[in-house]
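To start, the structure itself, in structure tokens.
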Amino acid sequence: MINESEINILIINNSVKSAPFVKEMIAATYNMWRLGWDERNGGNISYLLNEEEVTPYLDVKHPVRTSILDFPVPELANKYFIVTGSGKYFKNVKDNPEDCLGIIRVDTTGHKIDILWGFADGGKPTSELPSHFMSHIARLKVDQNHRIIMHNHATNILAMTFTHDLNEKSFTKTLWQMCTECIVVFPDGVGILPWMVPGTDEIGQRTAEKMADHRLVIWPFHGIFGAGTTMDETFGLIETAEKAAQIYTIISSHQGGIKQVITDKELEDLAKAFGVTPIEGVLTI
Ligand code: 2HA
Ligand code: ZN
């Protein structure tokens, strides 16, 4: 016989799986894996949720567990997130969301998180939680609609960090030149960190500093971070940069070399036509 509180937990667990934000996490993680950007347990996503989105599915008064943060985030006090789990494989999220995902709330002090649902096998949030939380703080300062931080190992972006110089301005310009859409999708260009050990507070801090000016931050020989207001927009941002990097990789190895490019004047015309402002110092007109 199961008792009443166990029945309540079963009802809650079933209903959470039907929440739109869980479905979005499942679709995004599966698509990223399908595209080859998230081998093994590579990649992580965190999605800022409003309390009103969560309460129809969850009893937020009764956390399942609490865990201490070793990097306090008072700026995110009382905020809810759904996040991918540490060591979880993106390909498995769709079949096992309650193991691979978790809904968490930062407590009122910013020193602890309450786990409200998920990480059912005793798991915990992504190892890149410092980079995610610090990037959320940075993006919320410049965009009140900001909600998503997404990290993956997008293949051609990663490849390009071996073959292109790592200067942010010239890397940005090369990406803009590869597809007409790029300057429109990311006029704010890309930030690039030096190689650093992942999972640390330090890489989190440095990523967040770049996020003040760019929604895309590249970790050389590792992958990319993207920020956005919706899952589609953030996915599309990384997808567009990755497509540009793919074109770069294809044409760089083409025997005939590059015969012509989109000129800086044409890039400027594009930006004007689409009403975007390219970051300073990339185009020379
Ligand atoms: O293992 O991608 O950067 C997840 C990661 C670490
Ligand atoms: Zn990674």
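Results for (1) in contact with a Cys (Cβ under 8 Å, 6 or more places away or on another chain); (2) within 17 Å of Ile148 (Cα to Cα); (3) within 16 Å of ligand 2 (Cβ to nearest atom), shown as yes or no for each residue.
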| site | (1), (2), (3) |
| --- | --- |
| Arg215 | no, yes, no |
| Phe225 | no, yes, yes |
| Thr230 | no, yes, no |
| Leu237 | no, yes, no |
| Ile247 | yes, no, no |
| Ser252 | no, no, no |
| Ile262 | no, no, no |
- Message: If Ala120 satisfies all but one of (1) in a helix (DSSP H, G or I); (2) more than 16 Å from ligand 2 (Cβ to nearest atom); (3) farther than 18 Å from Ile148 by Cβ, what's the number of the condition it fails?
- Response: (1)
- Matching residues in segment 33-47 - criterion: being within 10 Å of ligand 2 (Cβ to nearest atom), in contact with a Phe, Trp or Tyr (Cβ under 6 Å, 6 or more places away or on another chain) and among the polar types (S, T, N, Q): Asn41
- Task: Consider only pairs whose beta carbons are under 9 Å apart and that are at least six residues apart or on different chains; among these, list those whose first residue lies in segment 154-178 and is assigned to a loop (DSSP other than H, G, I, E, B) and whose second residue is modelled with pLDDT under 95.
- Result: His164/Ser252
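Can we say Thr229 is surrounded by fewer than 20 Cβ atoms within 10 Å (Cβ to Cβ), farther than 19 Å from Trp195 by Cα and within 13 Å of the chain's Cα centre (by Cα)?
Values: surrounded by fewer than 20 Cβ atoms within 10 Å (Cβ to Cβ): yes; farther than 19 Å from Trp195 by Cα: yes; within 13 Å of the chain's Cα centre (by Cα): yes.
Against the criterion (surrounded by fewer than 20 Cβ atoms within 10 Å (Cβ to Cβ), farther than 19 Å from Trp195 by Cα and within 13 Å of the chain's Cα centre (by Cα)), Thr229 qualifies.
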- Please specify each residue of segment 106-127 satisfying the condition of being touching a helix residue (DSSP H, G or I) at 6+ places or on another chain (Cβ under 9 Å) and either within 16 Å of ligand 1 (Cβ to nearest atom) or more than 22 Å from Asn50 (Cβ to Cβ) (or both). His111, Phe119, Ala120, Asp121, Gly123, Pro125, Thr126
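The values are calculated or read from the model by the stated rules, or taken from the named source; none is laboratory data. Here the structure is a predicted model, which means the values were calculated and not measured. Positions of Cβ are generated from backbone atoms using ideal geometry, with glycine treated the same way; all protein chains shown enter the neighbour counts.
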